[in-house]
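Everything below concerns the one structure shown next.
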Amino acid sequence: MEDILKGRVIWIFDEAHFDIDRVIGIENIKETNMDNLVKVCMKPYEEDFVEKIQKGDWIVGGRNFGYGHPHKPPMLVLRHLGIAGIIAESFSPGFYRGQVADGVPLINCEGILAKVKRFDQLTVNWKESTIVNESTNEKFYYNPLPKSDKNIIDLGGHIEYLKQRFASEQKVEK
């Protein structure tokens, strides 16, 4: 993954304990067709959200983001539409583990809700654990990810991580 990620804050979920399934609606959590997921993505929040999203945009969330029993389709459609990742006050443990395993950049940044507004331009320095709000010229630090989690995300998820790990173990055995 790139060390510098630039994008806008496309949406802010400021409530604590946001259930990510609400992005597509609970009735669609078993949907697998991406065209159908795009049609329902964020409709309860903003009818034309899909038309506004740009590659590299960020979702911002409050405490315990991803609470509940997170299913894959909501994040799959957000990633398909170009979301770079999520910056939140904190993450639900189950959501965090699942998204790291899928290679989604997650940033735990206490106080983020007070530091950004919708459509602010952000520069995230993945290597230095900093975020610059280009719209306000404010720079702040976030909690760096554990090295193992960062490695998994950098490689695009646990499958690529395991492929690399097994390949290196096989070289050692020869």
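The values are calculated or read from the model by the stated rules, or taken from the named source; none is laboratory data. None of these values were measured; they are calculated from a predicted model. Methodologically, a virtual Cβ is constructed for each residue, glycine included, from the backbone with ideal geometry; neighbour enumeration extends over all protein chains shown. Ligands, DNA and RNA are excluded from the accessible area calculation, which covers all protein heavy atoms including side chains. Shrake-Rupley method; radii C 1.70, N 1.55, O 1.52, S 1.80 Å.
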*Per-region count, region 121-137, residues closer than 14 Å to L5 by Cα and either of a type outside the set (A, V, I, L, M, F, W, C) or part of a helix (DSSP H, G or I) (or both)*: 9
*Would you pick out the residues in region 85-96 that are in contact with a strand residue (DSSP E or B) (Cβ under 9 Å, 6 or more places away or on another chain) and surrounded by fewer than 21 Cβ atoms within 10 Å (Cβ to Cβ)?*
E89, S90
*asked:* I'd like the full set of residues that are under 14 Å from K115 (Cβ atoms), touching an Asp or Glu at 6+ places or on another chain (Cβ under 6 Å) and surrounded by 16 or more Cβ atoms within 10 Å (Cβ to Cβ), limited to region 126-142.
replied: N133
*For residues in region 143-174 being under 15 Å from A84 (Cα atoms) and open to solvent by 30 Å² or more (accessible area, probe 1.4 Å), which is farthest from the chain's Cα centre (by Cα)?*
L155
*If you scan region 98-137, which residues turn out to be without any contact (Cβ under 8 Å) to a residue 24 or more places away in the chain and hydrophobic (A, V, I, L, M, F, W, C)?*
A114, V132
*For M34, work out the one condition from (1) hydrophobic (A, V, I, L, M, F, W, C); (2) within 29 Å of S135 (Cα to Cα); (3) in contact (Cβ under 8 Å) with a residue 24 or more places away in the chain it doesn't fulfil.*
(2)
_Members of region 55-84 that are open to solvent by 10 Å² or more (accessible area, probe 1.4 Å), of a type in the set (D, E, K, R) and under 10 Å from the mean Cα position of the chain (by Cα)_ = R79
*For residues that are part of a helix (DSSP H, G or I) and touching a residue at least 60 places away in the same chain (Cβ under 8 Å), tally how many sit in region 138-174.*
2
*Output yes when any residue across region 2-10 is in a loop (DSSP other than H, G, I, E, B) and either β-branched (V, I, T) or modelled with pLDDT of 95 or more (or both), and no when none is.*
no
*Within region 11-24, track down each residue that is open to solvent by 10 Å² or more (accessible area, probe 1.4 Å) and either in a loop (DSSP other than H, G, I, E, B) or at pLDDT below 95 (or both).*
D14, E15, A16, H17, D19
*Please go through region 100-115 and pick out each residue that is open to solvent by 10 Å² or more (accessible area, probe 1.4 Å) and either of a type in the set (S, T, N, Q) or touching a strand residue (DSSP E or B) at 6+ places or on another chain (Cβ under 9 Å) (or both).*
N108, E110, G111, L113, K115
*Enumeration of residues in region 130-142 that are over 15 Å from the mean Cα position of the chain (by Cα) and not basic (K, R)*: T130, V132, N133, E134, S135, T136, N137, E138, F140, Y141
*asked:* Can you pull out every residue in region 86-106 that is β-branched (V, I, T) and closer than 12 Å to G156 by Cβ?
replied: V100, V104
